[in-house]
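The values are calculated or read from the model by the stated rules, or taken from the named source; none is laboratory data. These numbers come from a predicted model, not from an experiment. Heads up, the Cβs are rebuilt from the backbone with ideal geometry, glycines too, and the neighbour counts pull from every protein chain shown.
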Amino acid sequence: MRAAWTAGLLSILAAGGCGDRESEPEKPPMKVEETVFRDLVGTQDKARDRTNQAIEQHRQALDEQINNDEAPPVEE
């Protein structure tokens, strides 16, 4: 009988601990400039810009080559 009372009391205490509590408001994330990763983010931006620039130059060269190849031959 004593074991049943002990088990009942423990289950009531465990269930009571699961109640709703007001959660603390979440802090906004830190700005990248304030973290140790600020240099890495700048590096990624530079790499992305250089890659996009290289792709754009390559696209322009291909467009120019296609236009030259599709143009009618010039009669001399």
Self-check item: Members of the range 43-76 found to be assigned to a loop (DSSP other than H, G, I, E, B) and not charged (D, E, K, R), listed by number
Solution: A71, P72, P73, V74
Exercise. Check L13, L40 and return the single one that is of a type in the set (A, V, I, L, M, F, W, C), modelled with pLDDT under 80, surrounded by 10 or more Cβ atoms within 10 Å (Cβ to Cβ) and assigned to a helix (DSSP H, G or I).
Key: L40
